[in-house]
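The values are calculated or read from the model by the stated rules, or taken from the named source; none is laboratory data. Bear in mind that the values here come from a model prediction, so they are computed numbers and not experimental data. Glycine gets a Cβ as well: all are built from the backbone with ideal geometry, and neighbour counts include every protein chain shown. When the accessible area is computed, the model is the full protein with side chains, heavy atoms only, and any ligands, DNA or RNA have been set aside. Shrake-Rupley method; radii C 1.70, N 1.55, O 1.52, S 1.80 Å.
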Amino acid sequence: QVQLVESGGGLVQPGGSLRLSCAASGSDFSAYRMGWYRQAPGKQRESVTAISSGGVTYYLDSVKGRFTISRDNAKNTVYLQMNSLKPEDTAVYYCNAYQEYTHSNYWGQGTQVTVSA
């Protein structure tokens with residue numbers, strides 16, 4: 001029911017900032033839990049952050065205080081503001097939408113974030 005298109009990835013120096021966007025199309029966007037996952041080479045995909053339909057947020061411990069997730073339901077868009085980036089943040093970042101009543105997951109195509117000097 002939801003299609004996700006991501007943008008904003010790229011190359012940034014350690015300590016820099018980057019803002020990812022995820023534009024959603026489909027029905028009932030405001031009812032989905034939205035989130036961001038990431039996957040580095042040789043590692044499992046991990047949940048970075050999520051925001052519920054009611055605005056409750058979750059953050060991976062290693063990104064607390066540095067990353068901020070937000071959503072604009074009027075624009076059907078979710079954002080990930082990433083500050084104080086570290087080389088270990090390098091990964092492909094995926095936007096995720098979760099519909100609880102169907103246990104359905106929807107994924108964006110992924111966007112590469114590379115943190116390197």
Could you grab the pairs with beta carbons closer than 9 Å, sequence gap of 6+ or different chains, first residue in the range 48-73 and in a loop (DSSP other than H, G, I, E, B) and among the hydroxyl-bearing types (Ser, Thr, Tyr), second one modelled with pLDDT of 95 or more and open to solvent by 70 Å² or more (accessible area, probe 1.4 Å)? Ser52/Arg33; Ser52/Tyr58; Ser53/Arg33
What are the residue pairs meeting all of these: first residue in the range 28-44, first residue more than 18 Å from Ile69 (Cβ to Cβ) and in contact (Cβ under 8 Å) with a residue 12 or more places away in the chain, second residue among the β-branched types (Val, Ile, Thr) and open to solvent by less than 50 Å² (accessible area, probe 1.4 Å), Cβ atoms under 9 Å, and 6 or more apart or on different chains? Asp28/Val2; Ala40/Thr90; Ala40/Val92
Only one of (1) β-branched (Val, Ile, Thr); (2) under 15 Å from Ser7 (Cβ atoms); (3) buried (at least 22 other Cβ atoms within 10 Å of the Cβ) does not apply to Val48, and that is (2)
Which one is most open to solvent (accessible area, probe 1.4 Å), of the residues in the range 11-21 that are over 14 Å from the mean Cα position of the chain (by Cα) and not aliphatic (A, V, I, L, M)? Gln13
Flag if Thr68 is open to solvent by 40 Å² or more (accessible area, probe 1.4 Å) and either of a type in the set (Lys, Arg) or touching a strand residue (DSSP E or B) at 6+ places or on another chain (Cβ under 9 Å) (or both): yes
Test: residue in the range 86-98 that is open to solvent by 60 Å² or more (accessible area, probe 1.4 Å), hydrophobic (A, V, I, L, M, F, W, C) and over 17 Å from Arg19 (Cα atoms): no
